[in-house]
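Colleague: Quick one: the structure is below, and I'll ask about it shortly.
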Number of protein chains: 2
Amino acid sequence: MSRLRTTFQQSTGQVSGHGKRNVGVLTAAFAAIEDGRSSDQYGTGPFIEPFEQKMADLLGMEEAVFFPSGTMAQQIALRIWSDETGNRTVAYHPLCHLEIHEQDGLKELHPIQTLLVGEADRLMTLDEIKALPEIACLLLELPQREIGGVAPTFTELEAISRHCRERGIRLHLDGARLFEMLPYYQKTAAEIAALFDSVYISFYKGLGGIAGAILAGPAAFCQTARIWKRRYGGDLISLYPYIVSADHYYELRKDRMGQYYENAKQLAERFNALPGVFTTPEVPVSNMFHLHFSGQSDEVSPKLEQIQETTGIGLVGYLVDKDGYCSTEISLGDAYGKLATDRLNEVFEQLDQMFS
Amino acid sequence: MSRLRTTFQQSTGQVSGHGKRNVGVLTAAFAAIEDGRSSDQYGTGPFIEPFEQKMADLLGMEEAVFFPSGTMAQQIALRIWSDETGNRTVAYHPLCHLEIHEQDGLKELHPIQTLLVGEADRLMTLDEIKALPEIACLLLELPQREIGGVAPTFTELEAISRHCRERGIRLHLDGARLFEMLPYYQKTAAEIAALFDSVYISFYKGLGGIAGAILAGPAAFCQTARIWKRRYGGDLISLYPYIVSADHYYELRKDRMGQYYENAKQLAERFNALPGVFTTPEVPVSNMFHLHFSGQSDEVSPKLEQIQETTGIGLVGYLVDKDGYCSTEISLGDAYGKLATDRLNEVFEQLDQMFS
């Protein structure tokens, strides 16, 4: 393990996240759950059915299906829309999760081809969407994670949605971080979801659960999704370890997203005031941003390691080299609020000295 | 819910299983796990790597991969062997899990066709295997669950294995209940697995965990299986809720399989002594058998409901109508050993009166 990661993991406070991903995350979620409560059973029964209904209501969709992962949920969503429209082409951003993190599962498991819309370093535009050939489905990710968490305005979203409806293109929301976007849009989850035909949300990003996802949409879509979930081997006899934690951390953190967003803006502003340090977006629209340091990681890492060692604050666990700079991702959560002001000030004083 | 299921679920002791599938199954497994222990992370790190190694060693295979489900693990095994042999056909029993419980996932997700070997109501024979055209892989399930848990002798298994090796056919073991078979074979798991190229085992059948499976085989096979696991959306950020419970209940119950097997034989003998009641196999070869009652379920259910209500012992949660009789499955576990002898005697006295 790199010294950067080691010093990050040994830190006693972190700028990102909700604290360590350990067994305590599970035991806290189960603390109020009685031992006698029955497991869900292959997608039915207690825990799973009420939670699916709760998420369907929250998203204003007819039904919702709990999945072990978003990878499984989203491939299935695209396959269903492909079958329903009789069109084998779907479109998404060049840095879509399905394109870069899933070992080409969509294309290996389904007779589907993909079109990449726009450029990798920015959001796709409405004009680019309008220029697409006939497709089954367009997937939009809010916020676009791989470019730092950028998102169109609500007005732009409405225009994309209107265009897709006019053209008969199904619009799917990769809402892995949908809740994290609500403070920026000043909308409910249902108001955003209403622009889409189907929605996926994740429970271990800003919400900080153990794993798990919801796929929501029309009733017929969800019924077909359950069949595909079984085909994939995602219809486990018991999913309650993920469902209980999803519900627990949703309830715990759903009303904190505004604070995470404010903290992200404040923190990004502070980084951007440093010489040789910048963020994308410059002003965050969610709890996340990408943090960049001038220079390559072999020069930057030792500096950050020293800061992490001397302050005990974890800032960066990894760095990816880019053209003339190196980058990491910051996602604000509960951990930031627990940092003592003077310890954080010390981090920024050291950064200011080291990168000047 | 049917009254048969209700009276079964309200029973205070059961003939089958390990007791109720409830949250207590999870809390007991985590009782000795410290909150500070770190989660696994996308197939790496604590919990998952040591457990995979332990299972690989136990099965005498080079590597092992933990999966959320056997459905996912086995489809992937067959796909890998199909790719490796350049042959798109695999063969299995007509009542194989992949054929009847997975919504045709194998065929929907892969360019694979299947051959059904032998008849639905009995084991396939070596002659039937010898008569197969060229295939990539033969899947054998030990014991064959859907016909009551029947299995070939070890000598027959050796002959099948020898034939497959001579013909270049990969032999995959559906060992969902492999541990349950060891007392009959008087062999170790590794001695059975040595006859196969790849092995799947499950942690929520006789072992009574929450969910999860292991797929074991050669190193290259397992490395490819990890890629497919990601494609399927089975490479969850955290699988530890299933891994911890798998390990806990494996350790708790691995040495009890002999007792479950003895109990199954004793119990089956007792059922077969009743008029109008019989089991398949007549003499179990594992902890399981199918239990049959003369007559159709609408006549049989009220009798069993009355027995379950008056004795408080759960015998049957469901009945499936067959030709002139109806059937259920019995799997011996910890619950049987907790039944007071006089309460069980009362059940058999009532059965004797009602089915005479």
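Colleague: Using beta carbons and a limit of 8 Å, which pairs, at least six apart or on different chains, have the first residue in the stretch B:272-284 and closer than 11 Å to B:Ile147 by Cα and the second one small (Gly, Ala, Ser) and part of a loop (DSSP other than H, G, I, E, B)?
Modeller: Once the first residue is closer than 11 Å to B:Ile147 by Cα and sits in the stretch B:272-284, its partners that are small (Gly, Ala, Ser) and part of a loop (DSSP other than H, G, I, E, B) give B:Thr279/B:Gly148; B:Thr280/B:Gly148; B:Pro281/B:Gly148; B:Pro281/B:Gly149.
Colleague: Just a yes or no: is a residue in the stretch A:251-267 within 14 Å of chain B (Cβ to nearest Cβ) and either over 22 Å from the mean Cα position of the chain (by Cα) or at pLDDT 95 or above (or both)?
Modeller: No, there is no match, as no residue in the stretch A:251-267 is within 14 Å of chain B (Cβ to nearest Cβ) and either over 22 Å from the mean Cα position of the chain (by Cα) or at pLDDT 95 or above (or both).
Colleague: A:Pro241 versus (1) over 24 Å from A:Pro143 (Cβ atoms); (2) away from every other protein chain (no Cβ under 14 Å): which is the lone unmet condition?
Modeller: Every condition holds for A:Pro241 apart from (2).
Colleague: Quick one: in the stretch B:82-98, of everything that is part of a helix (DSSP H, G or I) and under 15 Å from the mean Cα position of the chain (by Cα), which residue is surrounded by the fewest Cβ atoms within 10 Å (Cβ to Cβ)?
Modeller: B:His97
Colleague: On the basis of being touching a helix residue (DSSP H, G or I) at 6+ places or on another chain (Cβ under 9 Å) and either surrounded by fewer than 24 Cβ atoms within 10 Å (Cβ to Cβ) or under 23 Å from B:Leu140 (Cβ atoms) (or both), does B:Ser198 make the cut?
Modeller: On the way: touching a helix residue (DSSP H, G or I) at 6+ places or on another chain (Cβ under 9 Å): yes; either surrounded by fewer than 24 Cβ atoms within 10 Å (Cβ to Cβ) or under 23 Å from B:Leu140 (Cβ atoms) (or both): yes.
Taking the combined requirement at face value, the residue satisfies it.
Colleague: In the stretch B:314-335, which residues are β-branched (Val, Ile, Thr) and either closer than 23 Å to B:Pro183 by Cα or more than 18 Å from the chain's Cα centre (by Cα) (or both)?
Modeller: B:Val316, B:Val320, B:Ile330
Colleague: Would you check if B:Ala194 is more than 14 Å from every other protein chain (Cβ to nearest Cβ) and of a type in the set (A, V, I, L, M, F, W, C)?
Modeller: yes
Colleague: Hey, could you check the stretch A:18-64 for residues that are in a helix (DSSP H, G or I) and among the small types (Gly, Ala, Ser) and say which is farthest from A:Asp247 (Cα to Cα)?
Modeller: This residue is A:Gly24.
Colleague: Taking the criterion of being among the aliphatic types (A, V, I, L, M), over 26 Å from the mean Cα position of the chain (by Cα) and at pLDDT 95 or above, would at least one residue in the stretch B:284-299 satisfy it?
Modeller: No, every residue in the stretch B:284-299 fails to be among the aliphatic types (A, V, I, L, M), over 26 Å from the mean Cα position of the chain (by Cα) and at pLDDT 95 or above.
Colleague: Could you go through the stretch B:21-31 and let me know if any residue there is at pLDDT 95 or above and more than 11 Å from chain A (Cβ to nearest Cβ).
Modeller: Within the stretch B:21-31, none of the residues are at pLDDT 95 or above and more than 11 Å from chain A (Cβ to nearest Cβ).
Colleague: Name the one entry in A:Leu207, A:Leu178, A:Leu182 that is of a type in the set (A, V, I, L, M), more than 11 Å from every other protein chain (Cβ to nearest Cβ), in contact with a Phe, Trp or Tyr (Cβ under 6 Å, 6 or more places away or on another chain) and at negative phi.
Modeller: A:Leu207
Colleague: Another question, then. So which residues in the stretch B:104-131 are within 14 Å of chain A (Cβ to nearest Cβ), surrounded by 18 or more Cβ atoms within 10 Å (Cβ to Cβ) and part of a loop (DSSP other than H, G, I, E, B), if there are any at all?
Modeller: Residues satisfying the conditions are B:His110, B:Ile112.
Colleague: Of all the residues that make up the stretch B:294-312, how many are without any contact (Cβ under 8 Å) to a residue 12 or more places away in the chain and over 14 Å from B:Ser2 (Cβ atoms)?
Modeller: Counting residues in the stretch B:294-312 that are without any contact (Cβ under 8 Å) to a residue 12 or more places away in the chain and over 14 Å from B:Ser2 (Cβ atoms) gives 1.
Colleague: Kindly list, by first and then second residue, each pair from a residue in the stretch B:341-356 that is hydrophobic (A, V, I, L, M, F, W, C) to a residue that is assigned to a helix (DSSP H, G or I), limited to pairs with Cβ atoms under 7 Å and residues at least 6 apart or on different chains.
Modeller: B:Val347/B:Ile307; B:Val347/B:Thr311; B:Phe348/B:Arg270; B:Leu351/B:Ile307; B:Met354/B:Lys303
Colleague: Now for a different question. Would you be able to say whether some residue in the stretch A:313-329 is closer than 12 Å to A:Val347 by Cβ, in contact (Cβ under 8 Å) with a residue 12 or more places away in the chain and not hydrophobic (A, V, I, L, M, F, W, C)?
Modeller: Yes; the residues of the stretch A:313-329 include at least one that is closer than 12 Å to A:Val347 by Cβ, in contact (Cβ under 8 Å) with a residue 12 or more places away in the chain and not hydrophobic (A, V, I, L, M, F, W, C).
Colleague: For the stretch B:305-330, enumerate the residues that are under 15 Å from B:Arg270 (Cα atoms) and not in a loop (DSSP other than H, G, I, E, B).
Modeller: Matches in the stretch B:305-330: B:Ile330 only.
Colleague: Additional query: Starting from the stretch A:109-136, keep only residues that are assigned by TED's automatic domain parsing to the domain that holds A:Ala159, then list their pairs with residues that are at pLDDT below 95 and part of a loop (DSSP other than H, G, I, E, B) whose Cβ atoms are within a distance under 9 Å, requiring at least 6 positions of separation or different chains.
Modeller: none
Results for (1) of a type in the set (Gly, Ala, Ser); (2) under 28 Å from B:Glu84 (Cα atoms); (3) touching a helix residue (DSSP H, G or I) at 6+ places or on another chain (Cβ under 7 Å); (4) outside any helix (DSSP H, G or I), shown as yes or no for each residue.
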site: B:Leu138; (1), (2), (3), (4): no, yes, yes, yes
site: B:Ser161; (1), (2), (3), (4): yes, yes, no, no
site: B:Leu171; (1), (2), (3), (4): no, yes, yes, yes
site: B:Glu180; (1), (2), (3), (4): no, no, yes, no
site: B:Pro183; (1), (2), (3), (4): no, no, yes, no
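Colleague: Taking the criterion of being at the interface with chain A (Cβ under 8 Å from one of its Cβ atoms) and surrounded by fewer than 24 Cβ atoms within 10 Å (Cβ to Cβ), would at least one residue in the stretch B:218-229 satisfy it?
Modeller: Yes, the stretch B:218-229 contains at least one residue that is at the interface with chain A (Cβ under 8 Å from one of its Cβ atoms) and surrounded by fewer than 24 Cβ atoms within 10 Å (Cβ to Cβ).
Colleague: Would you be able to tell me the number of residues in the stretch B:145-159 that are outside any helix (DSSP H, G or I), touching a residue at least 40 places away in the same chain (Cβ under 8 Å) and of a type outside the set (Gly, Ala, Ser)?
Modeller: 1
Residues checked against (1) in contact with a strand residue (DSSP E or B) (Cβ under 8 Å, 6 or more places away or on another chain); (2) in the same structural domain as B:Gly333 (by TED's automatic domain parsing); (3) over 28 Å from A:Lys107 (Cβ atoms); (4) surrounded by fewer than 15 Cβ atoms within 10 Å (Cβ to Cβ):
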| residue | (1), (2), (3), (4) |
| --- | --- |
| B:Thr12 | yes, yes, yes, yes |
| B:Met55 | yes, no, yes, no |
| B:Phe66 | yes, no, no, no |
| B:Glu102 | no, no, no, no |
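Colleague: Of the numbered conditions (1) part of a helix (DSSP H, G or I); (2) within 14 Å of chain A (Cβ to nearest Cβ); (3) out of contact with any Leu (no Cβ under 9 Å at 6 or more places or on another chain); (4) not basic (Lys, Arg), B:Phe8 satisfies every one except a single condition; which is it?
Modeller: (3)
Colleague: Select from the stretch A:32-41 the residues that are within 10 Å of chain B (Cβ to nearest Cβ) and of a type outside the set (D, E, K, R) and write down the one among them that is surrounded by the most Cβ atoms within 10 Å (Cβ to Cβ).
Modeller: A:Ser39
Colleague: Given the conditions (1) over 26 Å from A:Gln113 (Cα atoms); (2) crowded, with 19+ Cβ neighbours inside 10 Å, report the number of the one that A:Pro143 does not fulfil.
Modeller: Of the numbered conditions (1) over 26 Å from A:Gln113 (Cα atoms); (2) crowded, with 19+ Cβ neighbours inside 10 Å, the odd one out for A:Pro143 is (1).
Colleague: I'm checking my understanding of the structure. Among residues of the stretch A:46-81 that are more than 22 Å from the chain's Cα centre (by Cα) and facing another protein chain (nearest Cβ under 10 Å), which one is modelled with the lowest pLDDT?
Modeller: Across the stretch A:46-81, the extreme among qualifying residues is A:Pro46.
The values are calculated or read from the model by the stated rules, or taken from the named source; none is laboratory data. Please read all numbers here as calculations on a predicted model, not as lab measurements. Here the Cβ is made from the backbone with ideal geometry for all residues, glycine too, and neighbour counts use every protein chain on show.
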